[in-house]
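> If you scroll down you'll find the structure; I have some questions about it.
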Amino acid sequence: MSKTFATLALVAAFSLSGCYLAADGRSLEQRIGALETQATMMQESAESERARLVELIGRAKGEIARLELAISEAQEILRRNSADLGVQVDGLAQSISVLRGHLEESRFHHTELQQELELLRTDLEFQLNTVLESMTPAEAGDGSDDDW
């Protein structure tokens, strides 16, 4: 019986071993408290970081809106300048066409004047030769320029 009693006492001791000592409880409570404090600090840090990120996102959205406006304005200026440049190019093309027309007209008149001048020169030479040939040697003189 004493053997049975010892076995029964041993089984009872093992089954009651789920209990813990007061020192172990305080230690567990301290660890749980430290973990709760750490969790609270991590949550506060996460909330602080979230607030900072929300602020950064707000600023970034504002900056994006400002940049989109600047891009829109730049595109409008570019369209306007492009249109102005197109008008100027068209005007210059027309001016060049007009100037080419004047140049061709001037070349034509220049050629006409050269031809008329050549005709006049030829006619004057012919008339001068005719007058000189019809003059007698006495009329032609001795070549001195006394009469002039």
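> Using the Karplus equation 6.51 cos²θ - 1.76 cosθ + 1.60 (θ = phi - 60°), what ³J(HN,Hα) coupling, rounded to whole Hz, does each residue of the stretch 63-79 give in order, writing x for Gly and Pro?
5, 4, 4, 5, 5, 4, 5, 4, 5, 4, 5, 5, 5, 5, 4, 4, 4
> What list of ³J(HN,Hα) couplings, whole Hz, do you get for the stretch 126-135 from phi and the Karplus terms 6.51, -1.76, 1.60, once you set θ to phi - 60° and write x for glycine and proline?
4, 5, 5, 4, 5, 5, 5, 6, 7, 7
Any read-out appearing in this document is the output of simple, stated calculations on the displayed coordinates, not a laboratory observation. As the structure is a prediction and not an experimental result, all values here were calculated from the model.
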